[in-house]
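The values are calculated or read from the model by the stated rules, or taken from the named source; none is laboratory data. Being a predicted model, the structure only gives us computed values, none of them experimental. Cβ: placed from backbone, ideal geometry, glycine included. Neighbour counts: every protein chain shown.
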Amino acid sequence: MRIVFALGGSALGRGGTAVHPANQHHNIRIVAESLAPVCQAGHDVVITHGNGPQVGLLALQAAATPDTPYPLDVLNAQSAGTIGYLIEQHLMNVLPGGALIAALLTQVRVDPDDPAFRRPAKPVGPFYAENEARLLAAERGWRVAQDGKGWRRVVASPAPLEILEARVIEMLVDRQVVVICTGGGIPVVELEDGSLSGIEAVVDKDSASSLLARQLGADWLVMLTDVDALYLDWGTGSARALRHATPGELAGHRFAAGSIAPKVLAGCDFVNETGRRAGIGTLRDASAIIEGLAGTVIAVNPEKPDGQARRQARMMFRPQPPR
């Protein structure tokens with residue numbers, strides 16, 4: 001199977017941990033251990049990752065040197081390089097020698113007239129108290145908004161139109177290379193002369209990952225985050241996990257706009273356009289989600305797997321000899 005695993009940027013600093021090298025190493029080690037059985041089973045694996053907290057921190061550091069601040073497209077590239085390096089290294093540490101792994105910077109074409117540029121709403125960077133957020137907004141020309149229990153900087157997040165390196169990614173995957181790429185990607189626009197130019201924005205990781213999965217003809221899109229499944233009535237005493245659902249069923253429910261809702265939308269888009277499956281769950285449950293033992297599976301016909309189907313699914317994750 002060809003599987004795209006999308007790692008949440010917040011999950012890489014899960015549990016409210018700071019965007020700190022030691023925390024990221026710890027969390028990415030968990031990712032590598034979770035994905036290793038899938039890679040060893042001989043599946044085609046592409047790993048994407050979020051970078052909202054990381055790129056926001058870089059932007060905060062860049063603001064300390066106002067004479068030469070880097071724009072967001074460059075900061076996206078920097079954060080993608082950092083996270084890609086860490087994932088690549090930890091995968092090398094847990095996979096057998098000879099495993100082929102590559103981290104690739106990925107440009108994502110967006111529309112310069114996307115309405116998101118007029119209504120920035122994507123949270124990036126650390127959380128602040130309201131008064132501190134408003135002070136920073138006044139000092140640095142930021143836009144800020146409430147995100148859950150805190151306040152964060154918000155920036156434009158245009159819809160991804162094309163993953164420009166998709167053909168390169170497919171070429172590598174066809175040669176059994178585990179590819180780490182995209183994240184939100186580096187947002188670029190096409191100019192009148194056909195050339196490309198970076199633009200001040202970030203691209204939603206889930207939306208970009210869904211688009212990449214479709215461009216690659218993936219069998220699964222699995223979004224790994226810091227919650228173990230989709231929940232109905234989240235935050236109430238009657239909250240309950242939703243283990244299997246169709247896109248139509250999910251359309252009748254509301255999910256948190258800044259966190260889970262983009263994953264639901266990305267998963268439903270993938271399922272609706274391909275007829276294949278999407279999953280949402282924790283970093284530790286990569287294999288179990290595909291086996292139907294954990295997380296939430298979104299599918300056109302999301303029947304709960306019986307014992308035989310589960311045994312067949314587990315067979316998919318037995319280590320295979322090199323091809």
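Leu164 - would you say it is among the aliphatic types (A, V, I, L, M) and outside the structural domain of Ala103 (by TED's automatic domain parsing)?
In short, no.
Would you say Val179 is in contact (Cβ under 8 Å) with a residue 40 or more places away in the chain, of a type in the set (A, V, I, L, M, F, W, C), touching a strand residue (DSSP E or B) at 6+ places or on another chain (Cβ under 9 Å) and under 24 Å from Glu273 (Cβ atoms)?
Yes: the conditions hold for Val179.
Tally time: how many residues in segment 121-157 are small (Gly, Ala, Ser) and within 18 Å of the chain's Cα centre (by Cα)?
4
Please work out which residue is surrounded by the most Cβ atoms within 10 Å (Cβ to Cβ), limiting yourself to segment 218-248 and to residues that are in a loop (DSSP other than H, G, I, E, B) and modelled with pLDDT of 85 or more.
The qualifying residue surrounded by the most Cβ atoms within 10 Å (Cβ to Cβ) is Ala218.
Report those helices (runs of 4 or more DSSP H) wholly inside segment 9-112 carrying at least 1 residues which are modelled with pLDDT of 90 or more, outside the structural domain of Val144 (by TED's automatic domain parsing) and aliphatic (A, V, I, L, M).
The qualifying helices (runs of 4 or more DSSP H) are 21-40, 72-94.
Could you tell me whether Asn131 is loosely packed, with under 14 Cβ neighbours inside 10 Å, closer than 23 Å to Gly8 by Cβ and of a type outside the set (Lys, Arg)?
Spelling it out, it is not the case that Asn131 is loosely packed, with under 14 Cβ neighbours inside 10 Å, closer than 23 Å to Gly8 by Cβ and of a type outside the set (Lys, Arg).
Does Ala257 satisfy the condition of being among the hydrophobic types (A, V, I, L, M, F, W, C) and in a helix (DSSP H, G or I)?
So Ala257 does not fit the description; no.
When residues of segment 134-157 are filtered for being surrounded by 15 or more Cβ atoms within 10 Å (Cβ to Cβ) and either of a type in the set (D, E, K, R) or over 14 Å from Ala201 (Cα atoms) (or both), how many remain?
Total meeting the criteria: 8.
Residue-by-condition table, conditions (1) within 30 Å of Ala99 (Cα to Cα); (2) of a type in the set (A, V, I, L, M, F, W, C):
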residue: Gly125; (1), (2): no, no
residue: Ala133; (1), (2): no, yes
residue: Arg140; (1), (2): no, no
residue: Ala156; (1), (2): no, yes
residue: Ile163; (1), (2): yes, yes
residue: Val173; (1), (2): yes, yes
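Given (1) in contact (Cβ under 8 Å) with a residue 60 or more places away in the chain; (2) within 16 Å of the chain's Cα centre (by Cα); (3) surrounded by 21 or more Cβ atoms within 10 Å (Cβ to Cβ), identify the lone condition not met by Pro160.
All conditions pass for Pro160, except number (1).
So how many residues does segment 190-217 have that are assigned to a strand (DSSP E or B) and free of Cβ contacts under 8 Å to residues at least 40 places away in the same chain?
Selection size over segment 190-217: 1.
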